[in-house]
Amino acid sequence: MPGGLVALLDDVAALAKLAAASLDDVVGAAGRAGTKAAGVVIDDAAVTPRYVVGLTPDRELPIIWKITLGSLRNKLLFILPVALALSAFAPWAVTPLLMIGGAYLCFEAAEKIVEALAGHHAEAEVAEIATPVELEKRQVAGAVRTDFILSAEIMAIALAELPDASLGMRAAALAAVAIAITIGVYGVVALIVKMDDIGLHLSKRPSAIAQRTGAFLVRAMPVLLQALSHVGVAAMVWVGGGILLHGLEVFGLNAAPHFVHHLAEVAGHAVPFAQGFVQWLVGAIGAGICGMIVGAAIVGVLHLVPGKKAAH
């Protein structure tokens, strides 16, 4: 009996070591995949704050929580199983689906730019919505819809970093990436949109430094939120254009992607002390121009559809 107990304990110890090694592998894979997706994560954080425009302060955090749950649902219940299934049985379908999502992001950004140039403002549209419940539903639906495209890109980038991993390892790593990125992004978003409340609280403290800091935050937040709204639109067209350029490369249509890459390299060599940043900036501008062309074309086509203009 003692010998059998020792053997059992040895088996348990071996299983524990295997589980620990597997956990280390998952964490490592998730870390590599999450790092690659950092660019889209930043875009996601920039896009979301504009969806709290027109909401009362007491509803901002509940709305962000609803968007957070919607984002987790997007990643874990829809995108993760579909991504794993496509990577196993139809890897050829991943790029076309991502390009469709990229085109949607370009369309949404281009439509907002066209509406702004035409004098249409989101704040005025928000003010026309009859009830707070209707406004919240619209804002959450819009945010979750945009998040779905950005989340799909994040998960696709993460999945590409795990080509040799087993199905279970890929699933665990993608789930870890999905949860960590969602909590990180929407935690930052919650901090941003409540910064004015933090500033108001600081302005009532007895410390002169706290009061000045609080007053600065209260004054700065409207400017920051407006800037983030513009950054969010730019991020959508940049990410969407980048997805389309990458898709063209995958299908062997290299003219536009190679032209953008060439311009980025030339610009980088011209500014050697900031080569990496300049290459990134020129590449982002090139992707944004590509995205605007595609988005504007889609907007133009949709506005020719009978009833589309009337709906706006």
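The values are calculated or read from the model by the stated rules, or taken from the named source; none is laboratory data. In this text, all values refer to a predicted model and were calculated from it rather than measured experimentally. Here the Cβ is made from the backbone with ideal geometry for all residues, glycine too, and neighbour counts use every protein chain on show. Surface accessibility is based on the protein's heavy atoms, side chains included, excluding ligands, DNA and RNA. Shrake-Rupley method; radii C 1.70, N 1.55, O 1.52, S 1.80 Å.
Worth a mention:
- Qualifying positions in segment 92-121 - of a type in the set (D, E) and surrounded by fewer than 20 Cβ atoms within 10 Å (Cβ to Cβ): E111, E115
- Flag for L225 being closer than 25 Å to L72 by Cα and surrounded by fewer than 19 Cβ atoms within 10 Å (Cβ to Cβ): yes
- Residue pairs meeting the criteria (Cβ under 9 Å; at least 6 apart or on separate chains; first free of Cβ contacts under 8 Å to residues at least 40 places away in the same chain, in segment 85-111; second open to solvent by 40 Å² or more (accessible area, probe 1.4 Å)): L86/W92; L86/V94; L86/L97
- When residues in segment 154-189 are screened for being among the polar types (S, T, N, Q) and either in contact (Cβ under 8 Å) with a residue 24 or more places away in the chain or open to solvent by less than 10 Å² (accessible area, probe 1.4 Å) (or both), 1 of them pass.
- Of residues in segment 290-312 being open to solvent by 90 Å² or more (accessible area, probe 1.4 Å) and modelled with pLDDT of 85 or more, the one farthest from M236 (Cα to Cα): V301
- Breaking point among (1) in contact with a helix residue (DSSP H, G or I) (Cβ under 7 Å, 6 or more places away or on another chain); (2) closer than 29 Å to A93 by Cα; (3) open to solvent by less than 60 Å² (accessible area, probe 1.4 Å), for E249: (3)
- Counting only residues that are more than 14 Å from G295 (Cβ to Cβ) and either touching a strand residue (DSSP E or B) at 6+ places or on another chain (Cβ under 7 Å) or of a type in the set (G, A, S) (or both), segment 238-255 holds 3 of them.
- Inter-residue pairs, beta-carbon under 9 Å, first free of Cβ contacts under 8 Å to residues at least 40 places away in the same chain and in segment 235-264, second assigned to a loop (DSSP other than H, G, I, E, B) and open to solvent by 30 Å² or more (accessible area, probe 1.4 Å), 6+ apart: L248/N254
- Criterion (among the basic types (K, R), at pLDDT below 80 and more than 17 Å from S71 (Cβ to Cβ)) met by exactly one of R205, R170, R212: R170
- Wholly enclosed helices (runs of 4 or more DSSP H) of segment 163-262 bearing at least 3 residues of a type in the set (V, I, T): 167-193, 208-250
- Matching option when the condition is of a type in the set (V, I, T), open to solvent by 70 Å² or more (accessible area, probe 1.4 Å) and either at negative phi or touching a Ser or Thr at 6+ places or on another chain (Cβ under 8 Å) (or both), among I192, I209, I198, I243: I209
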